[in-house]
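To start, I am sharing the structure in question, which I have written as structure tokens.
No lab work stands behind these numbers, since they all come straight from the coordinates. No experiment lies behind these values; they were computed from the predicted model shown. Virtual Cβ from ideal backbone geometry, glycine too; neighbours counted across all protein chains shown.
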């Protein structure tokens, strides 16, 4: 995967991203209490369960064939997946292809298959397991052409971790808040490590708009309906000013119980951000841009915190208001 693209429209792409995502800055001051360290299990299967790598355990039970605890581990993994993920039925998404998404402008209609989407974004506590497992040093989790950039994925004290952590630890007070300060590749690596994947932009939009295959065939502007309600989400107008726990805003969930598809943090998707300007010229940046969706706690314009608004961000940016959630294919 190339890390840079040639373009004469790089400044335009940057301006488009800046309209939705504020310049990466440190979050508001918060007393920092480092998360407790844990003693990792020496047995591989126990360690995978301990760290929450349930997708790997559920998908590859033969890896531990003959292990005395494989049945219990497989049951725990399947229960975790059932609890943490929700079904998104078959649907369709209309993705705007131009900067100015006005009526009559070209769109890409895409049908999506049923899949599973995490009920909440990945938290600091969950991402801590990824860090403690030494995943930043596991080159199998990262694209080979990205290896030279891994040295940049450091926290405030130069440890391999999200940008705003210290000494490789997250703030214990924010354990249940969404992890931020991670680029697209860190989100992708975590999903792979846990046995999951990132949702595509189309899949994310179907989940947020609930445009599923049905006789009603509706399209919601927000996961809860068509009217903005700042009591159901965490955006600028909600008056919170920082992130909330990943399980907050039950009243703003989609019909399947997936929370915070709008607000709290923008979410990385697997999809490239492909868009054109008014003269049908591709808008690209100095490096690969990935689609981010949903808005964040500091999203000022309500029009940017909807189920269908799309924007992009350079894939290596580690912003203070961008996180991610995982997805999973449905297996027979």
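So if the hydrodynamic radius of the range 256-332 is defined as the Kirkwood radius over C-alpha pairs, what does Stokes-Einstein give as its diffusion coefficient at 20 °C and 1.002 mPa s, in µm² per second?
My calculation gives 156 µm²/s for D.
Something else: Sorting 42, 238, 315, 291 on the 10 Å Cβ count, fewest up front, what's the list?
If I rank by nearby Cβ atoms, fewest first, I get 42, 238, 315, 291.
Contour minus end-to-end for residue 300 and residue 109, with contour as 0.36 nm per residue of separation and end-to-end as the Cα-Cα distance?
65.9 nm
For the residues 286, 36, what sequence is obtained by ranking on other C-beta atoms within 10 Å, fewest first?
36, 286
Sticking with this structure for a sec: Which FRET efficiency value, to the nearest 0.05, do you get for residue 50 and residue 329 by plugging their Cβ-Cβ distance into 1/(1 + (r/R0)^6) with R0 = 22 Å?
0.35
Related question: According to a simple spin-label model (label point 7 Å from Cα along Cα-to-Cβ), what is the distance in nm between residue 167 and residue 231?
4.3 nm
What FRET efficiency would be calculated for the residue pair residue 278, residue 251, taking the C-beta separation as r and a Förster radius of 45 Å, to the nearest 0.05?
E(calc), rounded to 0.05, equals 0.70.
Over the range 145-229, what per residue volume does the convex hull of the Cα atoms give, in whole Å³?
Each residue corresponds to 150 Å³ of Cα convex hull volume.
Let me ask something else about it. To the nearest 10 degrees, how steeply does helix 70-84 sit against the main Cα axis of the chain, on a 0 to 90 scale?
In the chain, helix 70-84 runs at an angle near 30 degrees to the longest axis.
Distances over 17 Å make up what percent of all Cα-Cα pairs in the range 70-203?
When all Cα pairs of the range 70-203 are counted, 68 percent exceed 17 Å.
Cα axis of helix 184-194 to longest principal axis of the chain: angle in degrees, 0 to 90, nearest 10?
40 degrees
Compute the helix-to-body angle for 10-20: its Cα long axis versus the longest principal axis of the chain, expressed 0 to 90° and rounded to tens.
80 degrees
Follow-up. Show that you can apply the helix-only estimate: for the chain, add -39,500 (n - 2.57) for every DSSP H stretch of four or more residues, divide by all residues, and state [θ] at 222 nm to the nearest 500.
-6000 deg cm²/dmol
Moving on to the next point. Connecting C-alpha atoms closer than 10 Å in a GNM of the chain, tell me which of 107, 30, 270 has the biggest fluctuation.
Highest fluctuation of the listed residues: 30.
Hey, another quick one. With springs only between Cα atoms under 10 Å, which of 143, 282, 199 fluctuates most in a Gaussian network model of the chain?
Of 143, 282, 199, the Gaussian network model singles out 143 as fluctuating most.
While we're on this one: Could you give me D for the chain, from Stokes-Einstein at 37 °C and 0.692 mPa s, where the hydrodynamic radius is the Kirkwood radius over C-alpha pairs? Units µm² s⁻¹, please.
161 µm²/s
Return a whole-number percent for the relative contact order of the chain, with Cα pairs under 8 Å and 6 or more residues apart as the contact set.
Relative CO of the chain lands at 25 percent.
Hey, another quick one. How big is the range 118-183 along each principal axis, measuring the range of its Cα positions in Å and listing the largest first?
For the range 118-183, the Cα spread along each principal axis is 34, 29, 19 Å.
For the range 203-332, go through all pairs of different Cα atoms, get the mean of 1/r, take its inverse, and jot down that Kirkwood value in Å.
Evaluated on the range 203-332, it is 15.5 Å.
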